[in-house]
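This report concerns only the one structure given below.
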Amino acid sequence: MPVNAEKLSAEECAFLRNIGFRVQFMRKKAGLSQAALAERSGLADSTISHLESTSVYSVSLVVLFRIAAALGVEPRALLDFD
């Protein structure tokens, strides 16, 4: 869900963007398109697109769980930015 970035700290914005970048990296590593990941995870194409964009997009833990399952990884892998 799009959020008002003005109400978030710079660290919170960076955290949300990094989740999107991580999802994109792992999706490409798996050789999947956004549409294929959306289908596998039972999410809308627009959800994956928004999440991977450079805008600040809030995501629930359930969405992260579904994406991780579709990618065949543990949910924590989407939060590991090191």
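Across the range 64-82, which residue is surrounded by the fewest Cβ atoms within 10 Å (Cβ to Cβ) among those that are under 10 Å from ILE19 (Cβ atoms) and under 10 Å from the mean Cα position of the chain (by Cα)? That would be LEU79.
Cβ separations smaller than 6 Å between residues 6+ apart or across chains give the following pairs from the range 46-74 residues that are farther than 17 Å from SER33 by Cα and of a type outside the set (A, V, I, L, M, F, W, C) to residues that are open to solvent by 60 Å² or more (accessible area, probe 1.4 Å) and assigned to a loop (DSSP other than H, G, I, E, B): SER58/MET1. Out of all the residues in the range 39-63, which are more than 11 Å from the chain's Cα centre (by Cα) and assigned to a helix (DSSP H, G or I)? Of everything in the range 39-63, those that are more than 11 Å from the chain's Cα centre (by Cα) and assigned to a helix (DSSP H, G or I) turn out to be GLU39, ARG40, SER41, ASP45, SER46, VAL62. Residue count for the range 44-58 under the criterion of being surrounded by fewer than 18 Cβ atoms within 10 Å (Cβ to Cβ) and closer than 25 Å to LYS7 by Cβ: the result is 8.
Within the range 10-31, track down each residue that is open to solvent by less than 50 Å² (accessible area, probe 1.4 Å) and without any contact (Cβ under 8 Å) to a residue 24 or more places away in the chain. ALA14 - this is the single residue of the range 10-31 that is open to solvent by less than 50 Å² (accessible area, probe 1.4 Å) and without any contact (Cβ under 8 Å) to a residue 24 or more places away in the chain.
The values are calculated or read from the model by the stated rules, or taken from the named source; none is laboratory data. Owing to the predicted nature of the structure, the values given are computational and were not obtained by experimental measurement. All Cβ positions, even for glycine, are placed from backbone atoms using ideal geometry, and neighbour counts span all protein chains on display. Side chains included, ligands, DNA and RNA excluded: accessible areas come from the protein's heavy atoms. Shrake-Rupley method; radii C 1.70, N 1.55, O 1.52, S 1.80 Å.
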